[in-house]
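Report on the following structure.
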């Protein structure tokens, strides 16, 4: 039956999706990272096991689009100020790690009995870390925009440039490189094309990005379509000139990083990214020929330990010397504790040239399997691992850590006491009054014009959807004392009460333990929102009527209750009885 279904490309993809769901569920039950499960899908579906994958071109196309979207989402979160501050450490750490791994990897290869040429190939292959896998893991942990995540991304880009140069060098000595990053010719062409792409991004950001995205945001689906098109065309151009899809996709994201819609785009594209990356890991698994394993099993274990331990240590040492805390260096160092899919491509090119035997490809394949699997757990449980290693890491930290002090202070100043969803008249009135009282508030709305009006009033605002769990998780929720929702009817047709209930559920699921205030327009809806978990339910029309009656009857005007005093309420209540 499986063979019958998988006879067509569509049936083959359907079979792979079912297999991925089953293995992913088994991995979840066994508490295994999803990436390990997806690579296992590729191994099982590949030629070494079931042999289900026949539509290699279609799966490769989906995986390449997934890579473009992934790096686009990384680029869209890049902070220009942070790039300037981490540029030097990214460069020196990236080059230092490449030099360390190459030199010591070569010496280890000679000590283990490998030939000079094989040792060189293996050593260079071990310098490449998988940008896609690392970014996916950091994104899942929501650490891609952390300091160690940004530094790791920086030196991964340095590694990618080394990959480009290595591939071009091999191309220059006559290796066929069809389908690899080496397409694009000479180094001068790659450099000139890279400068042209950067210039294009600068011009786009300066003159086009904000006005164009504001226009597109009036139809959110069109904005998302444009973002995918931007990622794809930049990645295609980057690949055609030899820079690679990763660099192209990254620059596409940077071109939209200055717009007020980056968080919404990131949230909307995250599910598509995860779906497409499944095919990347399937394609990766199918390229691993298990029949080549075994010849160098002992040597592979030694090289694997070298990559898993040696690479993080050199990153930790360089970052410590440059003034970073040992924690930041440790977390960033773990990201280079594996080799890349391009390591296999590099050695395969050496085999096609006749420089190394096929067994060398088996050696690097085994190192790849071990290091990718183990480093996945190391990154997933990085904070627990740091807690165990922390007593031994003091030698990697200077007495003063000037590189991080300012960053931490800036992060502390960025916290917001109140998050307000819905920037209409009522939400804006709340925001203005909170500002007058010196209370930091961040506004969120799905209407780009409302976001612009808030910013013109000197208030902080983000464009985003109150019912999007990915977007909600990206907000500074843990630092907030209150979440206030005045959202009206949702553009998708959800009722006012459904939006409020969904927001309560999402924020609680994201770990928010503060208090939530929402608006209601009827007693029935008030009761429903209290049951859903709202701490305070406000009825703006009833409150306004109560206040109007007080004034008309000659009552002494009373100032409204201070927002912080609402915290003294012990039970969820409506603002006032009607």
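Just so it is clear, none of the values below were taken in a lab; they were calculated from the coordinates. Fair warning: this is a prediction, and the values are worked out from it, not measured in the lab. We place every Cβ from the backbone using ideal geometry, glycine too, and count neighbours over all the protein chains shown.
List of remarks:
- R0 of 30 Å, Cβ-Cβ distance residue 58-residue 302: FRET efficiency to nearest 0.05: 0.20
- Pairwise FRET efficiency - residue 425 versus residue 498, Cβ, R0 = 22 Å, nearest 0.05: 0.55
- Cα gyration tensor, segment 419-534 - rounded (a/c under 1.5), prolate or oblate: rounded
- Put a dot 7 Å past the Cα of residue 22, heading toward its Cβ, do the same for residue 377, and the two dots end up 2.5 nm apart.
- Potential lengthening between residue 548 and residue 112 on full extension [0.36 nm per residue; Cα-Cα distance subtracted]: 148.2 nm
- Segment 2-396 shape via C-alpha gyration tensor axes, a/c threshold 1.5: rounded
- Residue 513-residue 236 pseudo-label distance in nm [points 7 Å out on the Cα-to-Cβ vector]: 5.0 nm
- Chain lengthening between residue 398 and residue 469 when straightened (0.36 nm per residue, less Cα-Cα): 21.6 nm
- A straight chain from residue 9 to residue 357 at 0.36 nm per residue would run longer than the Cα-Cα distance by 121.8 nm.
- R0 of 25 Å, Cβ-Cβ distance residue 202-residue 146: FRET efficiency to nearest 0.05: 0.45
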